[in-house]
Amino acid sequence: MAGLELLSDQGYRLDGRKAPELRKVQARMSVFAQADGSAYLEQGNTKALAVVYGPHETRGSRSKSLHDRAVINCQYSMATFSTAERKRRPHGDRKSSEMSLHLKQTFEAAVLTELYPRSQIDIYVKILQADGGNYSACVNAATLALVDAGIPMRDYVCACTAGFVEDTALADLCHAEESGGGTSLALALLPRSGNIALLQMDARLHQDHLSALMEAAMTACKGLSKVLDGVVRQHLEEVSVLTSE
Amino acid sequence: MLKSKTFVKKTRSGGVLKIVREHYLRDDIWCGSEVCKECKDEAPVLQEDACIESNLCSYPHYLIPDTNVVLHQIDILEDNLIRNVIILQTVLQEVRHRSATVYKRIKDAIHDKEKHFYTFTNEHHRETFIEREQGESANDRNDRAIRVAAKWYTDHLAKATDNGPLKVVLLTSDRANKEKAEQCGLIVYRCEEYIKSLIGNPELVDRLALTPDDQNEITGSKLLFPEHLPLSRIQTGIKNGMFLQGTFHANRDNYLEGTVFIHREGAVTNEVLLQGFQNLNRAVHQDVVAVELFPKERWVAPSSVVLQDDNPDDEDAEEDETETENKSVAAESSALKPTGRVVGIIKRNWRPYCGMLSQSQIKEATRHLFTPADRRIPRIRIETRQAATLVGQRIMVAIDGWPKNSRYPNGHFVKNLGTAGDKETETEVLLLEHDVPHQPFSQAVLSFLPKMPWSISEEELKVRADLRHLFVCSVDPPGCTDIDDALHCRELENGNLEVGVHIADVSHFIRPGNALDQEAASRGTTVYLCGKRIDMVPELLSSNLCSLRSNVERLAFSCIWEMNNNAEIIKTHFTKSIINSKASLTYAEAQMRIDDTTMNDDITKSLRGLNKLAKILKGRRIDKGALTLSSPEVRFHIDSETHDPIDLQTKELMETNSMVEEFMLLANISVAQKIYDEFSECALLRKHPAPPPSNYDILIKAANSRDLEIHTDSAKALADSLNNATIERFPYFNTLLRILATRCMMQAVYFCSGMDNDFHHYGLASPIYTHFTSPIRRYSDIIVHRLLAVAINADSTYPDLMDKHKQSALCSNLNYRHKMAQYAQRASVAFHTQLFFKNRGIINEEGFILFVRKNAIIILIPKFGLEGTVFFENKDKPSPHLTFDTEGPTLKVEEHIFHMFDKVKVTISLDASNIQHQRIRMALIEPVIPGVSVPVPESEPEAKKPKLDR
């Protein structure tokens, strides 16, 4: 009968957050010893694992390599158990290849690829549990993994979604809010320079509201960058304590 | 900020899904009370001295109602006496799931600042959130959540006030819940107990809705109706075709009969007839029901009997006699209709009903029957202690339920509207029954009005065209205060004429999306009743800031044409402007100025120019096939002190009427073209579909009876043949024909250009049309103004304006409001006509036969614009010999044959035998038919009304 009330009159969302509030973000770096860099990140109930290999020589045909910079190779996948309904997800379906492409574009904008000509950087991300904002969780996890691998970047890449409900911009949508029928916008930002690495929006939105929505997404990304920065610093502290002994 | 998770399992389409949702718990949800220093609430809602005088609670207290109290006793919660109520989120969510209407009402109450209702988001509060325990049902969990929240409030307030007098009182209607709450040390009352204890307003007790356990006491134990099936079985039944779903429409004349209009598209049967008490099975008019079709041999024809439920006793007796009566009808007729019975109710569509109390014969009884004004609604049993005071009053009653062992539905008293027959009361009733929103504007709406004193700002002066130097004037009916159009005309240097139509710029004051806009959109139109106007926008705008009164500077939206002397448009120009009207004239004044050759001032010249052009325009329009139709319109002369109608006058049309009309039409058409060119998908237009040819049958027959021919192939042909259809020595004949032609027409409607492809306006013979010229009294015009403003870059757009689905939804609301406003207007005229005849006693008047029916003739009295029916059949007397001929159509009564348009003489009086449905009664005087017509009564005002023939 009545759909979900995404935003109550008192200004609370379904899960009790207020409009500009993010979900709880938790992350760990260096979760795998084998890979060059890895990270695990939770954004609320969305959980992502990112692994980075490289930079290394281009595998396969030489023709793929670029003479002036590194190639970034991304692969996105979702675990069969990541959604409410178990579903086999073959590699290379439309959705995941699109997502892979988006990730590739995002990181080509952020990684200093010109430092590694004729080489390749592999980024693998897997969604372990999906609860909205898969793309942003992937980007944030991959950023941490790249940092862990020691690959030079212009800045952190922070991504966040924002939606528009009842004339209010909501930051960091959960699955129920994403599927609630409103507009949803995904933004990947280089927070210090304020440059946008990727911006994606599928639904219709009136032009007048776009700036408000962008503003909300930017603020959310900046908030995220603080959290990520904290995670990196804490990780470094732990590592340096270990190595100094 | 803490965080926890709840795990919810849900099933969808058979499969079991595990859905995980986050649930954040917070520390920053405030209690919302003024006394509390701990909570950092900026604008606390709940007052410190929260006093509702009550025998039970002598201390100040806040109320916490539980879900069932909100659902069932919303009438009470809405009362102004009840204030400082805490609505818990748990309650609000449950209400939202269970009833959309109650949810809307409780939300309105929460938004009302005067009521001090506070919503406490207890589910996200760290200390009041509880998890569902093993084996606990969802309802029990919610009840516990309510108790926990109430407990929290009790402790919290005690701490905040150092055990001061302020307390929280939990209201519940569930005994078990009450006991548990008492164990926790809460102050808890049953809703009935609490309301009865209130000192302030004993009348509230009557508004208590009956809860299921109370109802058992009222009714007998005999089962009168078959049980309704549960919803799950209805749904499977509908799926496999056993049942049909549809909207139930009760028959106005026969309370034991109704029709269900089936929803499904392309169904074989789209109407199912229901007959008999058992088969109707407690369906009330407008309910959505599931019906089961009978096999063909049990199908019956609709009975033509008029049956009214006037059994005076409040007894659950069965009606056997009607069953037999229906059967006799069924046997003979061949027009059998699909017949069925109601097996279940899918959705009740009850609303509060207006009507009157029929007092029980037992003097001390508290249970009484209530007779709604709408005959399609069954009588309702209510419980009240103030029956004696309510007799003769118009009251409102809401239905609470209809148990299967009760002859009538049970309800409760909501509101007293006033003495029946009073002008104010009757107006209130007709507004309520026609669903016309007429409450005073809320504070939220008024807050969006411009601040007084208002003047035109510098920025406006910069962007608007300054037309203050032009000789603009307005022409309106006398006494008009909401002037939304003004005109001017002047000669240009090149010999052409410049004509301007200036419309009040309402969209400047009403900005999209705010409360004022929403209120106007929902009202849709201003409703004009006799001697009363229900405004669409607050009076400050309608009668002052937007009204283009003379000699004040006003903002306008102007449509300016350059025309040559043949009234051909050379250039059209739209602009927002500032004007200063030089004169507000009435039609008569304007006409006098035009006719008076001695007057040669600028305004008069301008009027003459306009008049000249209007005549050309009109001629051209009529050539194209525009119809001039007629309907008898009357105006009441209202006594300025008693507001009683003292005289009736048919509206007189002058040249100036048609002058103003002509330019309004021109502006509307020009604007319609412009906004359609600019926004082909979302322009709001108005169309008037051509009627199907069969609609004209009666008109053609009527004209044939006088040896005249009416061609209805096109609007043009119709217009021409109407013009030629005149009879010498019978000047009123043509008007009669035009009245008849009007009845053949379809209703003109608003629509969104993206949703339709037939734009034609039949009556005006225009390929495109809209409403632009009356934004003060029509919301459609405001939308058109906004579209036009965007089109000329004078204003910015907003999302809803460009959304054709939203626009189309708006159109259907506007169409509905317009229709209802028209009905309300007619009802108001009818009521005033009755008042008029009540004061007059009996009147003999000449009239014409407008229609001939099987057992009656319908007569129009031109002098009063009044229509009435003369019946030839009578319940008590043997009816005269009647022969009806459909070809004529003629009706032969004994020896006399009645044709359409025959002149007759009737006597008119007021039939007040049924105080709820007073009506005008007509009886035939001439031609004299023995046993049918009545002798000419003496026309004396104070005469007691004789029992007339019917």
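The values are calculated or read from the model by the stated rules, or taken from the named source; none is laboratory data. Quick caveat, the model's predicted, so the values are computed rather than measured. Reconstructed Cβ throughout: ideal geometry from the backbone, glycine too, with neighbour counts over all protein chains shown.
Evaluate the following for B:LYS687: is it part of a helix (DSSP H, G or I) and basic (Lys, Arg)? Judged against the criteria, B:LYS687 is not a match.
In segment A:79-102, how many are without any contact (Cβ under 8 Å) to a residue 60 or more places away in the chain and not in a loop (DSSP other than H, G, I, E, B)? So the count comes out to 8. Condition check for A:TYR76 on (1) away from every other protein chain (no Cβ under 14 Å); (2) assigned to a loop (DSSP other than H, G, I, E, B); (3) not β-branched (Val, Ile, Thr): one failure, at (2).
The helices (runs of 4 or more DSSP H) found wholly in segment B:502-608 and carrying at least 3 residues that are within 14 Å of chain A (Cβ to nearest Cβ) occupy B:515-523.
The set of residues in segment B:62-104 being of a type in the set (Val, Ile, Thr), more than 20 Å from B:ALA50 (Cα to Cα) and within 14 Å of another protein chain (Cβ to nearest Cβ) consists of B:THR90, B:VAL91, B:VAL95, B:THR101, B:VAL102.
Matching residues to (1) outside any strand (DSSP E or B); (2) without any contact (Cβ under 8 Å) to a residue 24 or more places away in the chain; (3) in contact with a strand residue (DSSP E or B) (Cβ under 6 Å, 6 or more places away or on another chain); (4) acidic (Asp, Glu):
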| site | (1), (2), (3), (4) |
| --- | --- |
| B:LEU171 | no, no, yes, no |
| B:ASN177 | yes, no, no, no |
| B:LYS180 | yes, no, no, no |
| B:GLY185 | yes, no, no, no |
| B:GLU192 | yes, yes, no, yes |
| B:ILE195 | yes, no, no, no |
| B:GLU203 | yes, no, no, yes |
| B:ASP206 | yes, no, yes, yes |
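B:ILE86 falls short on exactly one of the conditions (1) closer than 26 Å to A:ASP15 by Cβ; (2) in a loop (DSSP other than H, G, I, E, B), and that condition is (2).
Restricting B:ASP66, B:ASP75 to those that are modelled with pLDDT of 80 or more, of a type in the set (D, E, K, R) and touching a Ser or Thr at 6+ places or on another chain (Cβ under 8 Å) reduces the list to B:ASP66.
A:ALA220: within 14 Å of another protein chain (Cβ to nearest Cβ), assigned to a helix (DSSP H, G or I) and under 30 Å from B:LYS18 (Cα atoms), yes or no?
no
Select, from B:ALA583, B:ALA567, B:ALA556, B:ALA521, the only residue that is of a type outside the set (D, E, K, R), crowded, with 19+ Cβ neighbours inside 10 Å and without any contact (Cβ under 8 Å) to a residue 60 or more places away in the chain.
Answer to the selection: B:ALA567.
Among the candidates B:ALA373, B:ALA387, which residue alone is crowded, with 20+ Cβ neighbours inside 10 Å and either touching a Ser or Thr at 6+ places or on another chain (Cβ under 8 Å) or touching a residue at least 24 places away in the same chain (Cβ under 8 Å) (or both)? The unique qualifying residue is B:ALA387.
Please verify whether A:THR106 is within 14 Å of chain B (Cβ to nearest Cβ) and of a type in the set (Val, Ile, Thr), treating the condition exactly as stated. So A:THR106 fails the test. Just one of (1) polar (S, T, N, Q); (2) crowded, with 19+ Cβ neighbours inside 10 Å; (3) at pLDDT 90 or above fails for B:SER542. It is (3).
The single residue among B:ASP140, B:ASP108 that is among the charged types (D, E, K, R), assigned to a helix (DSSP H, G or I) and either touching a residue at least 24 places away in the same chain (Cβ under 8 Å) or within 14 Å of chain A (Cβ to nearest Cβ) (or both) turns out to be B:ASP108. Each residue in segment B:400-412 was checked for being touching a His at 6+ places or on another chain (Cβ under 8 Å) and assigned to a loop (DSSP other than H, G, I, E, B), and 1 of them qualify. Scan segment A:164-189 for residues that are farther than 19 Å from A:ALA141 by Cβ, part of a strand (DSSP E or B) and either free of Cβ contacts under 8 Å to residues at least 60 places away in the same chain or of a type in the set (Phe, Trp, Tyr) (or both) and jot them down. Result: A:PHE164, A:THR183, A:SER184, A:LEU185. Scanning segment A:130-168 for residues that are more than 14 Å from every other protein chain (Cβ to nearest Cβ) and over 24 Å from A:PHE32 (Cα atoms), we see that the one that is nearest to the chain's Cα centre (by Cα) is A:CYS160.
Residues in segment B:255-270 that are closer than 16 Å to B:ASP287 by Cβ and modelled with pLDDT of 75 or more were compared, and the one that is surrounded by the most Cβ atoms within 10 Å (Cβ to Cβ) is B:VAL260. Condition first: in a loop (DSSP other than H, G, I, E, B) and on the phi < 0 side of the Ramachandran plot. Now tell me which residues in segment B:413-448 satisfy that. If the condition is that a residue be in a loop (DSSP other than H, G, I, E, B) and on the phi < 0 side of the Ramachandran plot, then B:ALA420, B:ASP422, B:HIS434, B:VAL436, B:PRO437, B:HIS438, B:GLN439, B:PRO440, B:PHE441, B:SER442, B:SER447, B:PHE448 are the ones that fit.
Consider segment A:18-41 and keep the residues that are free of Cβ contacts under 8 Å to residues at least 60 places away in the same chain and within 13 Å of another protein chain (Cβ to nearest Cβ). The one that is surrounded by the fewest Cβ atoms within 10 Å (Cβ to Cβ) is A:GLN26.
Residues in segment B:143-153 that are in contact (Cβ under 8 Å) with a residue 60 or more places away in the chain and over 40 Å from the mean Cα position of the chain (by Cα): B:ALA149, B:ALA150, B:TYR153. When you go through B:VAL35, B:VAL16, B:VAL45 one by one, which is the residue that is in contact with a Phe, Trp or Tyr (Cβ under 7 Å, 6 or more places away or on another chain) and either modelled with pLDDT under 80 or more than 10 Å from chain A (Cβ to nearest Cβ) (or both)? Checking each option against the conditions leaves just B:VAL45. Screening segment B:168-198 for residues that are over 24 Å from B:LEU71 (Cα atoms) and not polar (S, T, N, Q) and picking the one that is surrounded by the most Cβ atoms within 10 Å (Cβ to Cβ) gives B:CYS184.
The single residue among B:HIS771, B:HIS832, B:HIS785, B:HIS818 that is touching a Cys at 6+ places or on another chain (Cβ under 7 Å) and more than 14 Å from every other protein chain (Cβ to nearest Cβ) turns out to be B:HIS832.
Checked against (1) touching a Ser or Thr at 6+ places or on another chain (Cβ under 7 Å); (2) without any contact (Cβ under 8 Å) to a residue 24 or more places away in the chain; (3) under 24 Å from B:LEU446 (Cβ atoms), B:ARG549 passes all but condition (2). Set side by side, the residues B:ASN793, B:ASN757 differ, and just one is free of Cβ contacts under 8 Å to residues at least 12 places away in the same chain and at positive phi, which is B:ASN793.
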